Structures are given as C-alpha cells and as structure tokens.
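Peer 1: My structure is below; once you've seen it, I'll send some questions.
Every number here is computed from the coordinates shown, using simple stated rules; none is lab data. Not measured: the values here are computed from a predicted model. Neighbour counts are summed over all protein chains in view; Cβ atoms, including those assigned to glycine, are modelled from backbone coordinates with ideal geometry.
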Amino acid sequence: MYPLRLLTAAIAVALAPASALAQREALSCPPPAQLRIPERPPESLRGSTDIQAETFSAERGRLVTFRDGVRLVQDGQQLETDELIYDTATGRVDIPGWMRYSGPQLNVDAGSARYDTRGRAGRFETVGYTIPGTTGRGSAASVEMFDPEHARLQTFDFTTCPPEQPDWQLQASRVDMDLEEGVGTARNARLTFKGVPLLYTPWLTFPLDDRRKTGFLYPGFGYSADDGVDISVPWYWNIAPNQDATLTGRWIEKRGAMLGLEHRFLTPRQSGELEIEWLPDDRRADRGRYFGEFDYHARLAQDWAAGASLKRASDDDYFVDLGGDLHASSIPFLRSAASLRGSGRYWALALEADVFQVLDESVGPSREPYRRLPRTTLTIDRPLPGRLRFSLDSELVYFDREQGTTGGRVDLFPRVHYDYVAPGWHLRPSLGVRSTAYQLDGADESSPTRTMPVATVDAGLAFERALDGDRIQTLEPRLYYLYVPYRDQDALPDFDTRELTFGFSQLFHYNRFSGPDRHGDANQLTAALTSRLLDAGDGYSRFEMSVGQIFHFTDLRVQLDDQPRERRDQSATVAEMTWRPARQVALNAGLQYDLESDETQVARFGLNWGGDDGQQVALGYRFRQDRVDQADVRFRYPVNENLNLIGRVTYSFQENETLEVLGGVEYDSCCWSLRFTAREWVSDRESDKRTAFFVELVLKGLGSVGRAPYRLFADQARY
C-alpha cells in the first residue's frame with residue numbers, strides 16, 4: 001500500500017485548499033464525497049495486509065495473480081480491482097484494469113496501474129479523485145512516481161463544482177511534486193471561471209503541506225469616487241520557520257503607488273509584528289505619507305513580561321484620506337506605550353510609559369493628553385484570617401506636556417473587605433483610606449494632598465421559583481451603600497480624570513470619576529432589582545431585567561472644571577432588559593430616565609433575528625442627551641437559494657444626516673460566490689462623504705479574489 005500513500009500525497013495540490021472547506025450546500029448541489037475506507041482493523045492486525053479474491057493462481061517462483069472481486073486492506077486503506085498481478089522475481093505489481101482506492105484523505109479511481117516495489121516507483125493512468133467530506137474533485141491523465149518523495153502529474157485539474165457543471169477549474173499541463181521539500185511546481189497553470197480565464201502563468205510553485213511558502217497571494221481591488229481604482233497585490237515571504245513577511249504593492253488611481261509591509265516573528269520568549277504603509281508621493285495631498293505600527297511582547301521570566309506598542313502617522317488626515325471606515329477616520333489620537341509587568345499569587349506590578357500623537361485638529365495644545373513618563377502601579381489582593389481580605393490599589397506617575405501644569409502624583413488606596421457569601425444572600429462591607437499627593441510645576445500650590453476614608457456595604461438576596469414549562473424565575477434585590485466625606489479638591493490638578501459615563505454598573509462603584517485626581521463625596525444608597533427567566537435544563541437565559549437608582553442623602557459637592565455642586569435627592573433611574581423569545585431572536589434595551597428633570601438621558605434598543613434559511617436582521621438605536629441620536633439597520637435577505645441581498649443604513653437624527661449606506665448583491669452557488677457592494681459613508685467631522693465599490697469572487701475550496709469592506713454580521717463572511 002506504500003505507492004497508494006504516495007499517490008495520496010501527490011494529489012495534495014488539491015487537498016491542501018479543499019480540506020478546510022466547510023460549506024452549507026444549496027439544495028441542488030451534490031453532497032460531499034463520502035468516506036469509503038473500511039472499518040478500522042484491530043490493533044493486533046496493524047501493519048498486516050489482507051487480500052481477498054474470488055480466484056487465486058501462482059506460478060512457481062514467478063507470478064501471483066488475484067482475480068474477480070479483489071480487495072486489499074491495510075491500515076484503514078482499501079484497494080479494489082478485478083485483477084492484480086504480482087511478479088515475485090522483479091517485485092512488480094500490475095493492475096491492468098480499473099482500480100479503486102479509498103483512504104482517509106483521498107478517494108482515487110484509475111484506469112490502470114503498475115508499481116515497482118523494489119525501485120519504489122510506479123505509474124497510474126487515467127486518474128480521478130475526490131476528497132472525503134468535501135466537494136473537491138479532479139483528475140489527471142497520469143501520475144508517475146519516480147521515488148517515494150517525487151511524482152509527476154500530467155494534465156491535472158481541480159474544482160469543487162459538480163462534475164456536470166464545473167463553473168471554475170484549476171488546471172495545469174504538468175505538476176511536479178517534491179514531497180520531501182513540500183513544494184509543487186506547475187507548468188502552464190490556469191484558472192478559469194465560466195470559461196473565462198482569470199489567471200495564467202507558465203510556471204508557479206505552491207506548498208503541498210502545512211509548511212509556509214514564499215509566493216504571491218490573491219489580489220484585492222475596489223473603487224471609490226474620491227480615489228478611483230484601488231488595486232493591491234500581496235507577496236508572501238517565508239523568511240524562516242519563526243518569521244515571515246508580507247509585502248503589498250498597492251496602486252490608488254488618483255493618489256499613486258503605495259507599499260505595505262507586515263513582518264512577524266516568534267520565538268519561545270518573544271513575538272512581534274511590524275506594519276508599515278508608505279505612500280511616497282500622494283498626488284492629491286502633494287506630499288509623502290506613511291503609517292507605522294510595531295507590537296512587541298517578551299516573556300522575561302515565569303511571572304515577568306515586557307511589551308511595546310508603537311504607532312505613528314505622517315499627518316492628522318492620514319486615516320481620513322486612507323482609512324477604511326468611519327471608525328478609522330474618527331481616531332482622535334495614536335497611543336504609543338511600553339511596559340514591564342510582573343505578577344504573583346496575590347500581587348501585580350506594572351511599569352509603563354506612553355505618549356500620544358494627536359490627530360484631531362480640534363484638540364488644542366492645552367487639551368492634549370498628558371505623557372506618562374513613567375507610570376508604576378502595584379495592586380494587592382490577599383486573603384486574611386476568617387472572611388477578611390486586604391486589597392491595595394497604588395500608583396506613582398509623572399505627567400508631562402508642552403503646556404499646562406505638569407508633575408508627579410502618588411495615589412494609595414488600601415482597603416479591608418469582609419466577604420460573607422451564603423446560599424441565597426451575600427454581605428460584603430469594606431473600609432478603606434485613599435491618600436493622594438502631588439509634586440507640581442506651574443501650579444499655584446506645588447504640593448497639594450488629599451486623604452479621605454471610603455466605606456461601602458454591598459448586600460443582596462437571591463430568590464427563585466419553579467414555573468411551568470421547566471423554567472425558573474429569579475428575584476435578586478440588592479442594596480449598595482457608599483460613604484465618602486467631602487474634601488476640598490479645587491487645588492488638585494486634572495491630569496487624567498473624567499466623570500464616568502453613568503450606567504447600571506456605575507450604581508455600584510465607589511467613585512463617580514475615573515482617575516485619582518477627583519474622588520467624589522458620597523452619602524448614598526443604591527437600590528436595585530434583577531429578575532431572570534432561565535431554562536432549568538441548561539440554564540439558558542430567556543429573559544433578564546434590571547432596574548436601579550441611587551438615593552443621595554447629601555449634595556454632590558466635588559465637581560470638575562469649577563462646576564457647581566449638584567443638588568439632587570436621587571439619580572436617574574437606570575433599567576436594562578434582554579429578552580430571547582426564541583433561540584434565533586434577541587432583543588435588548590436600556591433606559592436612563594431622570595425623574596427630577598423629566599428627561600430621558602440615555603436610551604438604547606437592539607433587535608437581532610436570524611432565520612433558518614439565512615435571513616438576518618439587526619435593528620439598533622442609540623440616544624445620549626445632547627451627544628448621540630442614531631439608528632442603524634442591517635439585513636441579509638435571501639431572494640432564493642442562490643441570490644442574497646445585503647444592506648446597512650446608519651442615520652443620525654441629531655445631524656439630520658445619513659452617516660452610512662451600504663448595499664450589495666451576493667450570488668451563492670455550490671462552488672463559488674460573487675459579491676457586488678457599494679458603500680457611501682461620512683469620512684470626517686466636516687461630514688465629507690466617500691463612495692466606494694467592492695467586488696469579491698470566492699471560489700469555494702480555493703480562495704477569493706477582490707475585496708469586501710467589513711464584516712456585516714459576526715457569523716457571516718465579510719461584506
């Protein structure tokens with residue numbers, strides 16, 4: 001059976017791309033090829049060969065012949081034929097008629113075969129093959145084995161289409177296989193689609209196994225109204241077993257030629273990735289442009305690691321002009337950072353430094369983010385005797401900027417917790433002291449300090465009851481008390497502190513500000529209630545709803561930017577809900593309503609639905625008072641078993657403007673898909689819009705040609 005194993009490897013040119021094929025066939029498509037191997041032999045028979053035949057004859061010292069219903073089985077492989085002749089003198093095996101081979105990776109049918117067991121060479125004529133579990137299939141006029149590691153296929157082809165309608169085919173007049181090196185060489189290779197040649201090359205090489213290989217990857221192309229035709233051709237360079245690179249030549253019609261580089265390396269202790277984009281002469285901007293990013297990670301010891309993330313762009317408008325979507329074009333700054341981190345059972349230590357490149361023109365020098373050179377943090381979380389636990393959050397950092405106050409800050413926040421958790425209820429009080437000190441330059445007071453106690457009590461109950469239909473309903477009330485006395489903090493600078501966005505999680509936080517520069521005074525009680533509807537069998541959550549509110553016993557005096565104290569008895573009411581009436585439907589909503597001002601501060605709504613036939617719809621709405629008022633609709637609608645419509649619309653009610661419109665058509669057959677997509681989106685803060693067109697041809701089991709804008713749904717291909 002050794003030549004059959006070599007035959008299997010020799011046709012790996014088709015097996016490599018098709019083995020990863022896992023597609024849902026349309027109703028008219030043929031099923032994947034079946035696994036034809038026999039039952040696994042007992043372990044005791046491993047390595048033995050079992051031959052069955054209706055008739056058997058042997059000449060003394062010469063030929064052994066098996067005829068009629070010949071079946072040869074060895075190690076889970078099977079050979080079937082009508083006649084098999086073995087010459088004991090020369091070691092030659094002849095199969096003058098048809099042959100059918102079945103293996104775990106390949107099914108092969110041949111018109112005839114011969115094999116020299118001593119020279120370990122042979123030839124198979126009129127070969128056809130299928131790949132079990134996939135629709136990959138093909139043929140070769142002949143397969144010649146020169147030795148166990150080298151073979152040649154004549155007049156080779158491969159496709160995943162039905163045999164009666166091969167819409168696309170990969171063909172070659174000759175394919176030479178070097179199994180030792182894992183490289184195949186094709187002569188006169190061509191790729192055709194619907195009879196139209198897509199690719200022709202007189203010579204190309206390709207990998208035969210998982211070993212990476214240098215060569216060109218599939219190109220991408222698109223079109224935009226601003227930049228014209230956009231074509232990119234990537235070239236992959238297998239530098240070493242632990243590093244590689246991809247060089248991408250890109251031509252943008254109205255801007256010029258662009259070069260991209262992605263280099264990756266990996267060692268037992270280090271890894272890194274370098275990405276560079278360089279446009280030496282942007283004709284539209286009349287300047288050279290670039291973007292670079294380098295990510296590096298190193299494991300210095302068992303519990304110590306170092307890392308760096310460095311980013312830089314040539315100008316503020318780089319992502320506006322060359323970014324792919326609204327998110328990229330709205331990046332306000334690029335952060336570069338380096339760190340050294342260590343951790344133990346109860347502690348974690350980090351030494352960091354970061355700087356920022358501001359891309360948003362509206363951010364002036366006095367509002368730029370501070371450079372932290374350096375920042376050291378130490379956290380401790382250690383159990384104490386009984387139910388007690390000690391925690392410490394600490395930070396030492398120096399802030400630097402061209403304008404404004406600069407200086408160092410040290411912040412210490414030790415706490416003692418008492419954790420009592422029992423079935424159906426919990427009680428967690430804690431008491432801590434927060435102390436913050438500064439050493440400043442350019443401030444009225446050079447060494448301000450602040451010290452205050454922080455006390456919390458977190459208590460909750462959990463009730464549940466059984467309902468009809470094998471379901472469980474829970475009722476979970478929770479109270480959270482927070483006390484922080486007032487301390488005058490007007491003399492403290494504002495390096496990295498902002499007021500946290502109010503939401504349900506903020507109901508149970510010990511500070512309404514991010515960063516240590518401000519710690520809000522508080523004498524408040526949070527009351528919240530959560531209820532869930534669960535399937536008793538697997539715990540699947542059908543319905544969840546939470547509502548909560550903070551009751552203030554004193555005014556909120558600590559504010560940012562000299563804002564007046566906030567006089568109110570209660571916070572806005574926060575409610576969240578998730579409902580899954582069926583496995584393919586999910587509805588979620590959130591509301592933040594201020595009873596005192598009778599205003600809706602935050603609202604959100606989302607509906608996701610997926611049908612059994614591939615239909616998908618997602619509706620979304622977001623509202624934040626005086627900031628965001630947007631709706632988003634996405635859909636994928638199958639017109640029939642082959643044709644799908646896709647689309648997306650994002651609209652801002654605040655600006656009374658459509659932020660993005662995407663529409664496309666996808667034709668999906670058994671073995672190929674073709675997508676046409678058009679997209680218009682807002683590219684900058686001045687509401688300038690860009691229009692682009694994308695075409696992508698997917699040859700299933702082989703690859704794709706073209707480009708798609710982005711992933712419309714998480715479980716679907718990129719659109």
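Peer 1: State the percent of C-alpha pairs, over all pairs in region 404-589, separated by a distance greater than 23 angstrom.
Peer 2: In whole percent, the long-distance tail amounts to 54.
Peer 1: Roughly how many whole Å is it from the C-alpha centroid of region 242-301 to that of region 454-475?
Peer 2: What the calculation gives is 52 Å, centre to centre.
Peer 1: Let me ask you something else. For region 558-711, what's the relative contact order in percent, using C-alpha pairs closer than 8 Å and at least 6 residues apart?
Peer 2: Relative contact order here is 10 percent.
Peer 1: Would you list, by chain and number, the lysines whose Cα falls below 29 Å from the Cα of Lys689, excluding same-chain residues fewer than 8 positions away?
Peer 2: Partners found: Lys254, Lys311.
Peer 1: Now, a different point. Could you let me know the centre-to-centre spacing of region 485-553 and region 349-367, using Cα atoms, in angstrom?
Peer 2: Centre-to-centre (Cα) distance: 27 Å.
Peer 1: While we're on this one: Using a simple charge model, +1 on the beta-carbon of Lys and Arg, -1 on the beta-carbon of Asp and Glu, nothing else, what dipole does the chain show about its Cα centre, in debye to the nearest 20?
Peer 2: That gives the chain a dipole magnitude of about 1560 debye.
Peer 1: Counting alpha carbon pairs within less than 8 Å and at least 6 residues apart, what relative contact order, in whole percent, applies to region 649-689?
Peer 2: For region 649-689, the relative contact order is 29 percent.
Peer 1: Here is a follow-up. Name the long-range amide H neighbours of Ile239: under 5 Å, sequence gap of 5 or more, or other chain; modelled H, no Pro or chain starts.
Peer 2: Distant-sequence amide H within range of Ile239: Asp244, Ala245.
Peer 1: Apply the Karplus curve 6.51 cos²θ - 1.76 cosθ + 1.60, θ = phi - 60°, to the phi angles in region 475-487 and return the couplings in whole Hz, x for Gly and Pro.
Peer 2: Whole-Hz 3J(HN,Hα) from phi for region 475-487: 9, 10, x, 8, 10, 9, 9, 10, 10, 9, x, 6, 10.
Peer 1: Explain nothing, just compute: Karplus ³J(HN,Hα) = 6.51 cos²θ - 1.76 cosθ + 1.60, θ = phi - 60°, for every residue of region 385-398 in order, whole Hz, x for Gly and Pro.
Peer 2: In residue order, the calculated couplings are x, x, 9, 7, 8, 10, 9, 9, 10, 9, 8, 10, 8, 10 Hz.
Peer 1: To continue, here is another question. Considering the alpha-carbon set of region 183-312 alone, what are its Rg and its Dmax in angstrom?
Peer 2: Rg, Dmax (Cα atoms, Å): 19.0, 60.
Peer 1: Suppose only helical runs count, i.e. DSSP H with n ≥ 4. What mean residue ellipticity at 222 nm does that imply for the chain under -39500 (n - 2.57) per run, divided by all residues and rounded to the nearest 500 deg cm²/dmol?
Peer 2: Value at 222 nm, helices only, nearest 500: -1000 deg cm²/dmol.
Peer 1: Using only the Cα atoms, what convex hull volume per residue in Å³ does the chain have?
Peer 2: 238
Peer 1: Which are the unpartnered cysteines of the chain, meaning those with no other cysteine Cβ under 4.7 Å from their Cβ?
Peer 2: So, none.
Peer 1: For Cα pairs less than 8 Å apart in space and 6+ apart in sequence, what is the mean separation divided by the residue count of the chain, i.e. the relative contact order in percent?
Peer 2: That works out to 6 percent.
Peer 1: Another question, then. Find how many whole Å separate the alpha carbon centroid of region 137-200 from the alpha carbon centroid of region 599-632.
Peer 2: Distance between centres, Cα-based: 50 Å.
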